[in-house]
Structure formats: structure tokens, C-alpha cells
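Accompanying notes for the structure given below.
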Amino acid sequence: MEYCNCFESPWPADELLMKYQYISDFFIALAYFSIPLELIYFVKKSAVFPYRWVLVQFGAFIVLCGATHLINLWTFTMHTRTVAIVMTTAKILTAVVSCATALMLVHIIPDLLSVKTRELFLKNKAAELDREMGLIRTQEETGRHVRMLTHEIRSTLDRHTILKTTLVELGRTLGLEECALWMPTRTGLELHLSYTLRHQNPVGLTVPIQLPVINQVFNTSRAVKISPNSPVARLRPAGRYMPGEVVAVRVPLLHLSNFQIHDWPELSTKRYALMVLMLPSDSARQWHVHELELVEVVADQVAVALSHAAILEESMRARDLLMEQNVALDLARREAETAVRARNDFLAVMNHEMRTPIHAIIALSSLLQETELTPEQRLMVETILKSSNLLATLINDVLDLSRLEDGSLQLETGTFNLHSLFREVLNLIKPIASVKKLYVTLTLSPDLIEHAVGDENRLMQVLLNVVGNAIKFTKEGGISICAFVAKSDSLRDPRAPDFFPIPSDNHFYLRVEVKDTGSGINPQDIPKIFMKFVQSQPLATKNPGGTGLGLAICKRFVNLMEGHIWIESEGLGRGSTATFIVKLGIPAHSNDSKLPFLLKVPGNQIKLNFSGLKVVVMDDNSVGRMVTKGLLVHLGCDVFAVASGDECVRAVTSEHKVVFLDVSMAAVDSFEVAIRIREKFSKRSDRPIIVALTGNTDRTIKENCRKVGMDGVILKPVSVDKMRSVVSDLLEHGYLVESQ
């Protein structure tokens, strides 16, 4: 039997075709598995895509298809060549299409996201912007109300106006039925109703501050809703209505620990006022967040405004108090100045008036001393002179101290011989020391320059006071005076922290040490030594004489000369050492021996007679006129005494050598007489020497005397020796080198 060959005989698969199928199945499976991953990414990113489950099912289907192709990799069988070509072609096409789809989705997904997702995104954004715009409008409205309220509040600094304006503006802005402010009482234990909006309740109601609702509000800075039935919210009369919502907020008060403002309490701890706001009754209206924020902001603004008002009120009260104090101080200053002027005028008058009789006593006593006296009479006259000189010294001390304290005393600096000053002091002190049988030594350092610039008279006064004080309290032994230039390392003294000497080429510091072997000083009394009217008690009892002004004046003079003075003593009976340092200038030619100065010689060593010297004395006081004339007559002068200026001008001739003019407090007449005398004699050689005789120590008197052409000033009292020295100086120089 013959068989029909209907099918082609099996043909073994070509190895190349099998390889192509295998690779195609692999890529198809890879594409199927990648597409679900891309869909999952799309679903995750597209939060608004509505068909998520469809995409999930589609992804599962693709995964299954890919799995079938993956399984095919292991289920290859022998096929005919035609079938193998068809399967290969189909798989290649499937692989190409699958890969193209997978690649296409990569580009399509962003486009899909940008279409539907953007639309929904914009809708969501629009809704969000609407909400934000509503919030912004609300905030702007709140801010506008806050600015309006702040402007109204800050337009005044009166606290009552601030609080009333706040309630009115809040009521108008928020449409409130009632608004009230509770303020703390002085005790801080209660709140009292101080202000209301509608005035429906009497102001002055009080509630305890420890109420739970009040503590709840005070414990937070936010506005708190409270029950309409709470004690602080019962602001309306009882009735049948549905009360509106009520909120309360605290208002911080200024920390007032140092002052008290009228009827406000003095606050030493943090305290608050309570503001209560009530919506209209029988309304469904509720408090909104922006309204609560507005209330909170206004409460803070009120607190700031109240603090400013409190500060303003306190500052105004402080200003008024300060003005009252300034007025009182100005009145006290004027009274003090008046008192100082009165004191100075009194001292000036007393100085002049006391010097006039002392002048008579000393002058007449000195005249009497030069007559023939019994020993007993001479002792009496010497006692009168000693007491009179002591009184004159006391007057000088009181006047100097007064001028030092009010600052009117100024140093009169000039060039003088420093060595001669010490020798003159020694000559003045030796006679006094010899009476007590005390030795006095003077040691001048070789490096101490001869001439210096300073106030010679005040330096001599200090030196005489210190040395005289040492002699006064020394009974045996002696006093040694040592003067030298202070070295820079010895200038600073821990006892005087305010003394700051500054070395310079134009000046030097003179150091003077006065040692005595006297009774010494108790160390605890040393700080009191330089106080006025104070003496060491043991010394004061043993030496009742003295006023305690000498060293006090010395200290002030030394301070005026930019120096320092102190006293050292090891105790009673062991002596003491007084040391002072003063600042003196160095003249341009310190070694020039031709510098003009008058060598002063003690009066008791001058024995001159001025017989025939014609002198005119003008003094309106008969006693003073008689005394001055007596002194000059005793010296041998031919004296013509007058009582008025006209008589003096008529009496003066070219034969008169000296004219003594008494200068009183007013001094106008004496100055006029001096001017008229100068005008009367055109030639200098014909004009007599004009000398002022005064009891006034005022510096302006001396300056005015020089301005009107007087040739010198003599300060009362005047003894015979002093007058002799003055006349001698006048005849030798034609003028007084310095005031006598």
C-alpha cells in the first residue's frame, strides 16, 4: 500500500532560529515585567488619578503574559521549519511591539501627569489660596482695627481716656453689647469694676481676685471664653434672654515698685487688670479666631499705653518735684550767697573798725615804750603791746580763713629771695626764742636756689605760724628749721592720696621741716590739728592762749600753693616734726643777684631820725589823725594834719615829701584826693610820695590805690618801728616795694 505524504516531514529546528526565539521571549518577558513597574510609579505620583484598580489589574495581566513567555523559554519542542519561522516572526514582532510600548510609556506618563494632575492640582491650589486670602483679609481687617484702636489709644497719655477709648472702640469694632474693665485694689486681694461701656452697672463693684475664673484668665496671655454667669460677666440686668458668649483677657500693669501714681496701688509684684467682652444677647453669633486675636493684641496695646501714661505721670510729678527742689535750692543758694556777702561785709567792716582802735593802742603803746618808764610800767606797756599784737593777729587769721573758705583769696605771685625769707623769719623768731632760752637753727640745702617765684607773704606767714607754734609748745631745748628741694621719690605721701605733684623744668617743690623738743602730740589728736578752732587737749589746757586758727590757715595756704602739710610725733613729751611741701616757680634768671627786692630788716634794728621831713596826714577820724601824727612827730617829722580832702589838697606843697591818706571803707574821697594831688604837681620831682593808710585788707583796695597813683599801702595797726621802716623805705626807693 502506498502512503500519501500530506505533511512535510519533520525538519529539525535550526539552531539559529531557536536562538532568536529564546532571545525574543526573554525581551518580551522583560518588557512585560517593566511595564507594571512604570504603572506603579505613575499611580504613586498621580495622587488624583481615578482608575487605580484598573491599572493594577492591567499590570497583573501583563505580568501573567510575561510569565507565559518566560515559561516558553523552557518548553521549546521540535517543529517544522515553517512553524518555526512563523513562531519566530510572531515573537520578534511581539518583542518589538512590547519594547516599543514600554519605551513609549516612559514618555507618555509625564504627559498624563501634566494633564489631569495639573488640573486637579490647580483646583486644590485655588481652594487653598481662597482660604489664605480669606485669612489675609481677616488679618488685614484685624490689623486695621488694631491700628485704629492703637491710634486712638496712643493719641492721649491720660490713663482714664485710654481705658474709656479702648472700651468704646472695641464695642464699635466688634459689635459688643457690653465691655468692662476690672482693676486691682490697693490690697491686691480684690478686683473692682472701674469702667463699663454702657454704664448699666454702678462702677465700684468688687469681686475676690482668687476666683477660679479669674485665675484661669490670669494664667494665660490668650483670650479665654468664660461663663456668662460668672461674677465678672454679670454686667447686664436680669431678664429672659439668651446671654451671648463672653470672653475675658488679662491686661498687664506696669511694675511700680518705686513710685505710686495717685490712686493706683504701689505694685511690687506682677499684677493684671481684667477686660471682659460680651457679644449681643439672643444671637447665634460666636467668637471667631481673628476676633480673639484682635482682643489679645488690643490688651497688649492697652498695657503699653498704660505703662507710657504711668511713666509720663511719674515723670511729670518728678519734674514738678525737681522744679520745687530747684526753686528751694536756688532760694537756699541766694540766701547762702546773701549770708556769705553779709558775713564778708561784716568781717570787712569789723576788720576795719577793729584795726582803727588797735592802731591807736599799738601806736600809743609803742610811743610810750620809748619813754622813760619804771620796770613795772614797762612790763605793763609790753603786756599791752603783746595783747594788742595777738588781737591783730587774730583779726588777720579770721579774715584770711573767711577769704580762704569762700575762695576770694588769691595768691600774689612774684619773684623773691628765698634765702632772705628764711633769714628774716629766723631774725623775727630768735628774740622770742631767746626769752624762753631756746635755740633756733636754720639749715638751707646747697641745691636750694636763691630766688623763686611765688607768694612771698603767704609763704612767710606759713613758716612763721609753724615755727611760732613750735616755740609756743617748747619749754626747753630748741627748734631746728631745715629747707631743701624735695626729690621726686619723696614727694608722694600715703597720708595725702589727693596730693599729685608733677615735676617740671619750670618749677620745683620746696620741703621745709621744723623739728622741736617740745611737749609732743598725742597720735590720736594729730588728725584734728589742722581743724579750725581745735587744739590738742593737753596742749590747750597748758597754753590757754591761741585760737586754733594758725595751723588751719597754714593748711589752706599750703593747699593753695599746690602743696601738702603734716605733723609727726611719737607721743606726749617726745617732741614733734611739722613738714610742708609747696610748689614754687623757677625764675628765668634764678642766679641774677640784681633782681629787685627789698631786704627787710627787723624794726628794732632800725634807728633812724627824720628830723625836718615835712609830712601831711589826712584822716577824718580825730583819734587816728592824732595817733599817726604822734608816730611821725616821734620820728622827728614836721607833720601837718588835716581832716578833709579839700584841706589836704590846699595844704600840700612841693616842700612836703610824704602824704599819708587814711582810706576808709568807701575810700572815694581818698582816691579823689590822690588824683587831685597828682594833677596839682605836673612834675614828678615836685610831687610828694602818696601813701594809703588803711584798715581794709581787701585786695581791690590795694589795686585801686595803685590805679589812682598812690605809691604804697600801709595796713593798720602801725607801731613806731613799723612807721620808721615805712618812712625809711619811702625815702630810699620813692615807693613801697610791697604793702606793709
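In this structure, Asp282 does not qualify as part of a helix (DSSP H, G or I) and among the charged types (D, E, K, R).
Taken together, the residues in the range 626-636 that are open to solvent by less than 10 Å² (accessible area, probe 1.4 Å) and either hydroxyl-bearing (Ser, Thr, Tyr) or closer than 13 Å to Lys614 by Cβ (or both) amount to 3. Within the range 453-503, being at pLDDT below 80 and over 23 Å from Ser569 (Cα atoms) holds for Ser488, Phe500, Pro501, Ile502, Pro503. Any chance you could count how many residues in the range 159-185 are modelled with pLDDT under 80, surrounded by 14 or more Cβ atoms within 10 Å (Cβ to Cβ), over 22 Å from Glu293 (Cβ atoms) and not polar (S, T, N, Q)? Residues in the range 159-185 being modelled with pLDDT under 80, surrounded by 14 or more Cβ atoms within 10 Å (Cβ to Cβ), over 22 Å from Glu293 (Cβ atoms) and not polar (S, T, N, Q): 1 in total. In the range 570-586, the qualifying residues are those that are open to solvent by less than 20 Å² (accessible area, probe 1.4 Å) and outside any strand (DSSP E or B), and the one that is nearest to Ser504 (Cα to Cα) is Gly575.
Any idea which residue in the range 670-715 is least open to solvent (accessible area, probe 1.4 Å), counting only those that are among the acidic types (Asp, Glu) and free of Cβ contacts under 8 Å to residues at least 40 places away in the same chain? Applying the filter and picking the extreme gives Asp711.
Candidates are the residues of the range 1-55 that are open to solvent by 100 Å² or more (accessible area, probe 1.4 Å) and among the hydroxyl-bearing types (Ser, Thr, Tyr); the one that is modelled with the lowest pLDDT is Tyr3.
The values are calculated or read from the model by the stated rules, or taken from the named source; none is laboratory data. All figures in this text were calculated on a predicted structure; none of them were measured in a lab. All Cβ positions, glycine included, derive from the backbone under ideal geometry; neighbour counts span all protein chains shown. Accessible surface is based on the protein model in full, side chains and every heavy atom, while ligands, DNA and RNA are left aside. Shrake-Rupley method; radii C 1.70, N 1.55, O 1.52, S 1.80 Å.
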